Amino acid sequence: MKLIRTKNYEEMSRIAADHVINAIKSNPRAVIGLATGDTPVGTYEALIRDHNHYGTSYKQVHTVNLDEYIGLDKNDPNSYRSFMKTHLFHAIDLPESHAFLPNSMMTDSEEACRQYDESIRQLGGVDLQILGIGQNGHIGFNEPGSSFSMTTHVVELTQNTRQANARFFKQLEDVPTHAITMGIKNILESRCVLLLAFGHNKAEAVAQLLASEQPDETFPASALCLHPSVTIIADEEALVLADKQERRSF
Ligand code: PGA
């Protein structure tokens, strides 16, 4: 794992965007794995600025998102498709048909998962996967205890995750109870992983990730030990605890 330390959120976002832009420059048909949440919003803003000023084109790019809530229509403002439209898709030239998210309105969710894996396979796999990290070490919606051998699957969201995401909804009861997420196996199959973290509330998870030497299913992000090309971009606040603990040299 490579660690890039940044002063703040803005610098983390700019450097993350540079990684994405370089991936597209070296392969205009790149498949980019996207995440939702507060963490990647600044990265998406930096991508939009770059698109406007330097014309990086997404016409041949495909994107695959990590996850989607079950039961929210894709036009629901809280669906992750809406999130992506608001924060990125509306402002770049990515064709709508190139943007993949799990189809969580299908009555047969297992079939939706199978189809998502098949879409990723047909795209030739993910070249660069952007990840955030949950306070409990979750990546995507792979909560502690998830098997690392799972591909796309249905998850029941933990109370912690629902509470953390309740800020986007009117009330906690409105947060869906289930989601479809890429599994850890999908994430490990991507060619490069870019994990972003900022702020004090991620410090414990980042410290545990940087100290991980063995994959441990009680801490999902530790699966990244098994991946040959992981770059962690974290700001000073997210690294306060890691700095205090003895850790491997990066
Ligand atoms: P956040 O979520 O970016 O909103 O902190 C990250 C995650 O829970 O994976």
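Using only Cα atoms, figure out Rg for region 86-181 and give it as a multiple of 2.2 N^0.38 Å.
1.18
Within the chain, count lysine pairs with alpha carbon atoms under 19 angstrom apart where the residues are 8 or more positions apart or belong to different chains.
Qualifying lysine pairs in the chain: 9.
Okay, which of region 21-49 sit inside 12 Å, backbone N to the point 7 Å along the Cα-Cβ direction of ALA91?
The answer is 41-49, whose backbone nitrogens lie closer than 12 Å to the label point.
Need one number for the chain: average projected area of the convex hull over its C-alpha atoms, nm².
That works out to 12.4 nm², a quarter of the Cα hull's surface.
Using helices alone, I'd like the mean residue ellipticity at 222 nm for the chain: each DSSP H run of four-plus residues gives -39500 (n - 2.57), total over residue count, nearest 500.
Theoretical 222 nm ellipticity from helices: -9500 deg cm²/dmol.
Explain nothing, just the number: relative contact order of region 6-129, from Cα pairs under 8 Å at least 6 residues apart, as a whole percent.
30
How big is the accessible area of LYS7 in square angstrom, nearest 10, if you roll a 1.4 angstrom probe over the protein chains?
140
State the Cα centre-to-centre distance between region 225-240 and region 1-65 in whole Å.
If we compute the Cα centre of each part, the gap is 16 Å.
So if we plug the beta-carbon distance of ARG49 and ASP73 into 1/(1 + (r/R0)^6) with R0 = 35 Å, what FRET efficiency do we get, rounded to 0.05?
Once rounded, the FRET efficiency stands at 0.70.
From largest accessible area down, sort ASP73, ASP117; use a 1.4 Å probe on the protein chains.
ASP73, ASP117
Toward the positive end of the charge dipole of the chain, about the Cα centre and with charges on Cβ (Lys, Arg +1; Asp, Glu -1), which of THR56, ALA203, ASN8 goes farthest?
Going by the charge dipole, the pick is THR56.
What full-extension length gain, to one decimal in nm, is calculated for VAL240 and MET106 as 0.36 nm per residue of separation minus the Cα-Cα distance?
Contour length minus the Cα-Cα distance gives 43.9 nm.
Of HIS19, LEU88, TYR44, which is farthest along the charge dipole of region 1-92 in the positive direction, counting Lys and Arg as +1 and Asp and Glu as -1 at C-beta?
Projecting each Cα onto the dipole axis, the largest value belongs to HIS19.
Would you tell me the accessible area of PHE83, worked out with a 1.4 angstrom probe on the heavy atoms of the protein chains, in Å² to the nearest 10?
30
The values are calculated or read from the model by the stated rules, or taken from the named source; none is laboratory data. The shown structure was predicted, so the numbers you read here are calculated from the model rather than taken from an experiment. Note that we place each Cβ from the backbone using ideal geometry, even for glycine, and neighbour counts take in every protein chain shown. The protein model used for the area step is the full one, side chains on, heavy atoms only, and it has no ligands, DNA or RNA in it. Shrake-Rupley method; radii C 1.70, N 1.55, O 1.52, S 1.80 Å.
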